[in-house]
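Trainee: I'd like to ask you about the structure that follows.
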Amino acid sequence: MTVLSGSVRRPIIRKDLMAARVTPNLIDYEAACATFTWEAARGTLSGLPGGGLNIAYEAVDRHASGPAASKDALRFVRADGTVDHVTFAELAERTDRFASVLRMLGVGRGDRVFSLLGRRPELYVAVLGTLKNAGVFCPLFSAFGPEPVRQRMQLGGARVLVTTRAFYARKVAPIRAELPTLEHVLLVDVGDSEAPEGTLDLVALLRDAPPAAPIARTDDDDMALLHFTSGTTGLPKGAVHVHEAVVAHAATGRFALDLHPDDVYWCTADPGWVTGMSYGVIAPLVHGVTSIVDEDELDADRWYAILEREKVSVWYTAPTALRMLMKAGTDRAARHDLSALRFVASVGEPLNPEVVVWGVEAFGMPIHDNWWQTETGGIMIANFAAMDVRPGSMGRPLPGVTAALVRRDESGAAITENGRAVLVTEPDTVGELALLPGWPSMFRGYLGQPERYERCFVGGWYLTGDLATRDSDGYYWFVGRGDDVIKSSGHLIGPFEVESALMEHPAVAEAGVIGVPDPVAGEVVKAFVELRPGWRASDRLRLELIGFARKRLGPAVAPRELDFIDALPRTRSGKILRRLLKARELGLPEGDTSTVEVPR
């Protein structure tokens with residue numbers, strides 16, 4: 001079924017390659033897709049001496065033993081603005097020491113090491129040191145309360161936890177009796193006082209550990225990372241990723257983020273979720289680039305100051321952050337010298353066309369949206385550095401990634417014939433976004449839930465649960481999660497483009513759209529709107545916004561109802577939780593809310 005309001009698509013933003021300061025890694029998209037193989041991509045990595053593949057070796061050790069040894073691997077910007085520099089050689093030693101600590105504690109191959117930390121150096125050391133020891137690393141959001149921590153550590157069989165004194169006291173100590181597999185709690189900030197009972201001083205352990213440790217051999221399919229992702233109901237799902245994922249991290253960092261060796265790169269994502277791990281820790285280190293890590297939270301002037309002072313050239317951030325910067329005003333960006341910046345990308349949820357275009361005004365370049373999931377482990381669809389940008393589009397599939405749209409029946413189930421999925425072939429027609437299995441970072445299971453994993457694959461395809469369209473040039477356009485799409489009077493309405501249309505009004509900072517029951521239409525569109533500073537909620541403004549949307553989208557698609565809201569519910573990764581809006585509107589169970597961002 002065709003999306004009704006295709007007219008909201010913006011003019012194409014053309015790229016001038018002659019003006020590019022750096023030659024993009026991917027220039028001829030068609031040629032790259034025709035010649036690319038994952039086997040060749042694997043060949044760009046070193047591999048372990050003597051055979052095997054290990055993420056930490058590719059990210060750290062192979063650089064630490066070469067010309068890049070003295071280069072900054074990480075720059076940690078403290079809350080007070082001071083900066084700690086960590087070279088590749090120093091990172092190699094610190095991660096060796098962490099691996100030695102684990103071995104001294106009897107923690108070995110396949111054991112699960114969890115972290116409950118903010119963006120601080122010990123987290124990066126723990127990730128890579130665990131992988132050097134052939135362990136499995138699982139990051140937790142630092143904002144989690146005791147219950148989501150308990151759930152994930154129980155499901156994951158946590159044997160080690162790396163955390164702070166405060167987090168342990170508030171979030172772990174009260175539930176520790178319910179964590180029978182947890183043997184060691186390593187505190188990063190004991191200082192001069194004694195470690196609380198049942199915990200160990202990680203700083204002291206690292207000081208006494210051997211500074212060089214042989215890296216454990218791991219193979220492609222050895223489990224490396226465990227990422228929990230929330231469902232709408234039930235327990236969180238633990239997506240299993242393996243060491244071979246580093247092949248995709250390297251390739252997508254090269255193509256989708258256009259990373260070059262001399263770049264200074266900043267991924268603002270929290271390492272407690274998959275973007276902060278795949279593209280905040282692994283991909284930039286694999287490419288030998290210098291990564292910025294900011295300990296503090298989003299503040300427009302602070303972020304612009306970091307971009308200027310550290311001469312960031314590639315910036316990967318979230319739509320929510322960009323919308324907040326846009327809300328703060330373009331003049332804030334104009335106060336800073338951002339001339340080093342050459343590429344800006346966004347992920348977390350679809351990027352509104354208005355924000356893509358605003359990037360040209362604020363930074364002199366469009367924002368490049370891309371699409372992927374926890375389950376895919378890496379970027380699957382992107383707007384590339386050398387390609388024209390179509391605001392509102394996710395872009396085109398990465399070389400090596402085969403995407404398609406699968407037809408769905410009225411119940412939302414994928415349609416198959418003779419065991420094969422029936423694909424959508426017409427342009428601008430809605431289907432469920434699907435990927436052909438075989439890329440290296442594809443998740444290999446949901447921990448302890450094999451049936452749930454098998455249900456993700458139908459007719460030879462991995463079904464993402466996202467609905468999308470594809471235009472005649474092969475660009476993909478997000479419509480909504482399968483459960484978010486609104487069916488009204490026989491029409492299929494994507495909430496994202498209704499939200500984007502509302503955001504064109506100068507009063508609207510952000511919008512969330514859901515379907516609510518209607519006895520005649522089945523569902524009608526209802527919008528929840530956050531206002532920009534200087535605007536006040538009123539009945540007059542409500543009618544104005546509904547009329548504005550009707551002119552942009554037509555009466556069949558525009559909201560029939562609109563409420564003003566102080567803060568939309570979001571995950572910490574920035575996604576608007578439409579299901580939570582709907583549950584609260586209709587008085588339904590809210591499901592798993594452990595990843596909801598609490599407004600400050």
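Trainee: ALA166 fails exactly one of the following numbered conditions: (1) at pLDDT 95 or above; (2) within 19 Å of LEU102 (Cβ to Cβ). What is the number of that condition?
Mentor: So the condition that ALA166 fails would be (2).
Trainee: Sticking with this structure for a sec: Which is charged (D, E, K, R), farther than 30 Å from ASP219 by Cβ and surrounded by fewer than 17 Cβ atoms within 10 Å (Cβ to Cβ), of ASP471, ASP484, ASP466?
Mentor: Among ASP471, ASP484, ASP466, only ASP471 is charged (D, E, K, R), farther than 30 Å from ASP219 by Cβ and surrounded by fewer than 17 Cβ atoms within 10 Å (Cβ to Cβ).
Trainee: Name the residue that is modelled with the lowest pLDDT, counting only residues in segment 550-559 that are buried (at least 17 other Cβ atoms within 10 Å of the Cβ) and assigned to a loop (DSSP other than H, G, I, E, B).
Mentor: The selected residue is VAL557.
Trainee: Any chance you could count how many residues in segment 299-342 are surrounded by fewer than 20 Cβ atoms within 10 Å (Cβ to Cβ), at pLDDT below 95 and among the polar types (S, T, N, Q)?
Mentor: Within segment 299-342, residues that are surrounded by fewer than 20 Cβ atoms within 10 Å (Cβ to Cβ), at pLDDT below 95 and among the polar types (S, T, N, Q) number 1.
Trainee: Criterion first (acidic (Asp, Glu), crowded, with 23+ Cβ neighbours inside 10 Å and modelled with pLDDT under 95) does GLU499 satisfy it?
Mentor: Answer is yes for this residue.
Trainee: Which is open to solvent by less than 20 Å² (accessible area, probe 1.4 Å) and of a type outside the set (Val, Ile, Thr), of GLY512, GLY522, GLY534, GLY547?
Mentor: Selected residue: GLY512, the only one of GLY512, GLY522, GLY534, GLY547 that is open to solvent by less than 20 Å² (accessible area, probe 1.4 Å) and of a type outside the set (Val, Ile, Thr).
Trainee: Search segment 411-426 for residues that are closer than 15 Å to ASP466 by Cβ and at pLDDT 90 or above and pair each with any residue that is among the charged types (D, E, K, R) and surrounded by 11 or more Cβ atoms within 10 Å (Cβ to Cβ) when their beta-carbon atoms are under 7 Å apart and the residues are at least 6 apart or on different chains.
Mentor: Cβ pairs passing all conditions: ALA414/ARG408; ALA414/GLU432; VAL424/ARG407.
Trainee: Select, from GLY43, GLY66, GLY50, the only residue that is open to solvent by 20 Å² or more (accessible area, probe 1.4 Å), among the small types (Gly, Ala, Ser) and in contact (Cβ under 8 Å) with a residue 12 or more places away in the chain.
Mentor: Details: GLY43 fails: in contact (Cβ under 8 Å) with a residue 12 or more places away in the chain; GLY66 fails: in contact (Cβ under 8 Å) with a residue 12 or more places away in the chain.
Answer to the selection: GLY50.
Trainee: Another one. Open to solvent by 30 Å² or more (accessible area, probe 1.4 Å), on the phi < 0 side of the Ramachandran plot, among the polar types (S, T, N, Q) and modelled with pLDDT under 95, is that true of THR35?
Mentor: No; evaluated as a whole, the condition is false for this residue.
Trainee: When segment 443-468 is examined, which residues are found to be within 17 Å of ALA382 (Cβ to Cβ) and at pLDDT 95 or above?
Mentor: THR464
Trainee: Would you check which residues across segment 361-389 are out of contact with any helix residue (DSSP H, G or I) (no Cβ under 8 Å at 6 or more places or on another chain) and closer than 17 Å to GLU30 by Cβ and list them?
Mentor: ILE381, ASN383, ALA385, ASP388, listed by residue number.
Trainee: Any idea which residue in segment 116-144 is farthest from the chain's Cα centre (by Cα), counting only those that are polar (S, T, N, Q) and surrounded by 24 or more Cβ atoms within 10 Å (Cβ to Cβ)?
Mentor: Out of the qualifying residues, it is ASN133.
Trainee: Every residue in segment 190-235 that is open to solvent by 50 Å² or more (accessible area, probe 1.4 Å) and not in a loop (DSSP other than H, G, I, E, B), please.
Mentor: The answer is LEU200, VAL203, ARG207, ASP208.
Trainee: Same structure, new question: Return the residues of segment 149-162 that are over 21 Å from SER230 (Cβ atoms) and either under 22 Å from the mean Cα position of the chain (by Cα) or open to solvent by less than 30 Å² (accessible area, probe 1.4 Å) (or both); say none if nothing qualifies. Talk me through it step by step, then tell me what you get.
Mentor: Taking segment 149-162 and keeping what is over 21 Å from SER230 (Cβ atoms), we get 159-160, 162.
The answer is VAL160, VAL162.
Trainee: Now for a separate question. Being at pLDDT below 95, open to solvent by less than 20 Å² (accessible area, probe 1.4 Å) and hydroxyl-bearing (Ser, Thr, Tyr) is true for just one of THR429, THR374. Which residue is that?
Mentor: Values: THR374 fails: open to solvent by less than 20 Å² (accessible area, probe 1.4 Å).
Matching residue, one of THR429, THR374: THR429.
The values are calculated or read from the model by the stated rules, or taken from the named source; none is laboratory data. This one's a predicted model, so the numbers in the text were calculated from it and none came from an experiment. Here Cβ is always computed from backbone atoms with ideal geometry, including for glycine, and neighbour counts include all displayed protein chains. With ligands, DNA and RNA removed, areas are computed over all heavy atoms of the protein, side chains included. Shrake-Rupley method; radii C 1.70, N 1.55, O 1.52, S 1.80 Å.
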